[in-house]
Amino acid sequence: MPLDQSVRPTPGGYEIHCGPTMRAGTLGATILWSPHGKDRQRIGISNAHVLPVKGAPVFQPNQVGYADARQIGVVAGVCAAVLYETTDAYFLDMENRSDARFDFAYFQALPAETSTRITGGLYTGPMGRLHEWLGIDPAPLEVRAPRRGEQVRWIGKSTAAVRSGRIVDLDYWGLMRRSRDPDRWVGLAGLVKMELLSGPTLAGDSGAALVATTDQRIVGLFCGSTQDEKFGLGSKIPEDDIELGETLPVSDALAMARLTQYEKKPGEVVVVQ
């Protein structure tokens, strides 16, 4: 059963919707984070392609299809990227071509509208189920950098089942294409690449938090898969003091090397979910 119901407060794994768009995705988690090095704030996190418009309201679930949808926050920061209509346009852009560093966005969570739990048993807090029995929201999950070889789990609103994977690459590059908007491409650098241990995911799972099995820390956000569905892809989470609008310039030499890689392995195009 998809996690697209109205739930208040909303835990991670459930559907969210960016107001001015037709896109719905997954609330990864509610965490404490320090945007631009300021005091730590309670924020909700998801992908930039789920919450692409800074200042837009965030609804739970999809305000288009549900009469009981409600606003749970406002998009406060989105990672930038240059959009292209074709893959050739990316490789031939000699002036503005750049890669997004992250597929990450966050919103300022309204009081009592989100929960720091992640459904599916992925995170119930240091006191476990006792938090739920007492009606107490557990402390927000901590965030750290991912590690090669570690196992992670996540749950997205469409698949609605816990998925698992093993991280095999911390610096994967790919051309990203939206499954529902195939005419928009973006280069994305520094992706987390995962061997899928429990099957593919579905469109709408984007934004799900990747939770490390060893210490229950969030190490990234699920953002899609390779076109052949052999691997899952995740975005790292920016450091507190990074400017979300930063991108990585791509030189002609690097672009040509990537073009060769892309032509040899077209199945490794990233299809965002």
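Summary table below
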| read-out | value |
| --- | --- |
| Qualifying residue in region 207-228 (condition: in contact with a helix residue (DSSP H, G or I) (Cβ under 7 Å, 6 or more places away or on another chain), closer than 23 Å to residue 260 by Cα and outside any strand (DSSP E or B)) | yes |
| Of all residues making up region 66-91, the number that are in contact with a strand residue (DSSP E or B) (Cβ under 9 Å, 6 or more places away or on another chain) and free of Cβ contacts under 8 Å to residues at least 60 places away in the same chain | 5 |
| Near pairs, Cβ below 8 angstrom, 6+ apart or cross-chain, from region 98-115 (among the polar types (S, T, N, Q)) to any residue that is buried (at least 24 other Cβ atoms within 10 Å of the Cβ) and modelled with pLDDT under 90 | 98/187 |
| Candidate set from region 227-255 (those that are over 30 Å from residue 32 (Cα atoms) and loosely packed, with under 12 Cβ neighbours inside 10 Å); member that is farthest from the chain's Cα centre (by Cα) | 253 |
| Test set (1) assigned to a loop (DSSP other than H, G, I, E, B); (2) aliphatic (A, V, I, L, M); (3) modelled with pLDDT under 85 - residue 202 fails condition number | (3) |
| Residue identified as touching a strand residue (DSSP E or B) at 6+ places or on another chain (Cβ under 8 Å), within 24 Å of residue 191 (Cα to Cα), aromatic (Phe, Trp, Tyr) and at pLDDT 90 or above among 104, 59 | 104 |
| Criterion (modelled with pLDDT of 85 or more, within 21 Å of residue 14 (Cα to Cα) and of a type in the set (Val, Ile, Thr)) met by exactly one of 53, 64 | 53 |
| Filter result (touching an Asp or Glu at 6+ places or on another chain (Cβ under 6 Å) and surrounded by fewer than 20 Cβ atoms within 10 Å (Cβ to Cβ)) within region 135-179 | 166, 168 |
| Residue 87 vs. criteria crowded, with 24+ Cβ neighbours inside 10 Å and either among the β-branched types (Val, Ile, Thr) or over 13 Å from the mean Cα position of the chain (by Cα) (or both) | no |
| Residue 144 at pLDDT 85 or above, of a type in the set (Lys, Arg) and within 28 Å of residue 32 (Cβ to Cβ) | yes |
| Residue within region 13-30 that is modelled with pLDDT of 90 or more, part of a strand (DSSP E or B) and surrounded by fewer than 24 Cβ atoms within 10 Å (Cβ to Cβ) present | no |
| Any hit, region 215-224, residues being over 30 Å from residue 6 (Cβ atoms) and acidic (Asp, Glu) | yes |
| Residue within region 176-187 that is assigned to a loop (DSSP other than H, G, I, E, B), modelled with pLDDT under 85 and within 19 Å of residue 28 (Cα to Cα) present | no |
| Some residue of region 49-64 being more than 23 Å from residue 144 (Cα to Cα), surrounded by 17 or more Cβ atoms within 10 Å (Cβ to Cβ) and basic (Lys, Arg) | no |
| Residue pairs meeting the criteria (Cβ under 7 Å; at least 6 apart or on separate chains; first under 15 Å from residue 186 (Cβ atoms), in region 235-260; second among the hydroxyl-bearing types (Ser, Thr, Tyr) and surrounded by 13 or more Cβ atoms within 10 Å (Cβ to Cβ)) | 247/98; 248/98; 249/98; 250/98 |
| Set 160, 189, 203: member being touching a residue at least 24 places away in the same chain (Cβ under 8 Å), over 15 Å from the mean Cα position of the chain (by Cα) and more than 15 Å from residue 105 (Cα to Cα) | 160 |
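The values are calculated or read from the model by the stated rules, or taken from the named source; none is laboratory data. On a predicted model such as this, the values are computed, not experimentally measured, just so you know. Glycine gets a Cβ as well: all are built from the backbone with ideal geometry, and neighbour counts include every protein chain shown.
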